[in-house]
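Please read the structure below before turning to the comments.
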Amino acid sequence: SDVIEPYTQVLPCTLLREKHSRGYAAATERLLREAARRSEQPRRDVVVVMQADFSDSPDDLPALVKRIEGGADLVAGVRAGSMGEEPRLVRWAKRGMPWLLRGVALPKGVTNPLSGFRAYRVSTLDRTLSGQGERPLLTFPGKGANLELLLAVAPHARRVEATELPSRPNLRQRATRSTPWEMLKELWSLRRLPHHTA
């Protein structure tokens, strides 16, 4: 919230706060539900999910929104560039993902389903959330929630697209909060996803 705070002085911005940390999945779901609730034109309005510390660059927003304007209901940002620029744990996760997620039907072109930098048409979120009622949509910890969200929303989208984003090697990356063991457990938990096709 320290990064976002200055923007509240110059942009219409609402900060949703919690007394206690509820984790990434619960925070993301709360924001999606709130955005869907506030939307007056869900077929036109768009929700973009990005990291609040700007490790996802605002410069890349137009690329995602342009695809929504072109008719997509869900757009995933796919970062170009060498895996050597990423933290070791992220590289290991990407190498192990195809094995862990074998049998999971991912939308075409989405090469990193653990990345949460995406744009969603609000009407598509409405359709996704309407079947949930008050039950949580996202239950996996950490980045697993990004995959869970992708698999929950994609069936309600008429068109899912991935757009390649430029590599930004100088972009500040916050150090991972996960230990190697925690990340391994988090990735292993993805195997119990109920969206397997095989």
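The values are calculated or read from the model by the stated rules, or taken from the named source; none is laboratory data. Just so it is clear, the model here is predicted, and its values are computed rather than measured. Please note: Cβ atoms are built from the backbone with ideal geometry, for glycine as well, and neighbour counts cover all protein chains shown.
Considering (1) touching a residue at least 12 places away in the same chain (Cβ under 8 Å); (2) surrounded by fewer than 17 Cβ atoms within 10 Å (Cβ to Cβ); (3) not hydroxyl-bearing (Ser, Thr, Tyr), the lone condition that residue 13 does not fulfil carries the number (1). In this structure, does residue 15 turn out to be part of a loop (DSSP other than H, G, I, E, B), aliphatic (A, V, I, L, M) and either at pLDDT 95 or above or out of contact with any Lys or Arg (no Cβ under 6 Å at 6 or more places or on another chain) (or both)? Answer is yes for this residue. Candidates are the residues of the stretch 128-147 that are more than 18 Å from residue 35 (Cβ to Cβ) and not small (Gly, Ala, Ser); the one that is modelled with the lowest pLDDT is 141. Consider the stretch 82-127 and keep the residues that are among the aromatic types (Phe, Trp, Tyr) and closer than 20 Å to residue 190 by Cα. The one that is modelled with the highest pLDDT is 117.
Consider the stretch 18-36 and keep the residues that are under 23 Å from residue 122 (Cα atoms) and of a type in the set (Ser, Thr, Tyr). The one that is modelled with the highest pLDDT is 28. Note on the stretch 62-77: residues that are surrounded by 16 or more Cβ atoms within 10 Å (Cβ to Cβ) and outside any helix (DSSP H, G or I) amount to 6.
Out of all the residues in the stretch 98-127, which are in a helix (DSSP H, G or I), of a type outside the set (Asp, Glu) and under 16 Å from residue 49 (Cα atoms)?
To start, the set of residues in the stretch 98-127 that are in a helix (DSSP H, G or I) comprises 98-100, 122-127.
Among the residues that remain, those that are also of a type outside the set (Asp, Glu) are: 98-100, 122-125, 127.
Answer for the stretch 98-127, where residues must be in a helix (DSSP H, G or I), of a type outside the set (Asp, Glu) and under 16 Å from residue 49 (Cα atoms): 122, 123, 124, 125.
When the stretch 37-61 is filtered for residues that are touching a Ser or Thr at 6+ places or on another chain (Cβ under 9 Å), surrounded by 13 or more Cβ atoms within 10 Å (Cβ to Cβ) and modelled with pLDDT of 90 or more, the ones remaining, listed by number, are 39, 42, 45, 47, 49, 50, 60.
Among the numbered conditions (1) among the polar types (S, T, N, Q); (2) at pLDDT below 75; (3) within 21 Å of residue 33 (Cβ to Cβ), the only one that residue 170 does not meet is (3).
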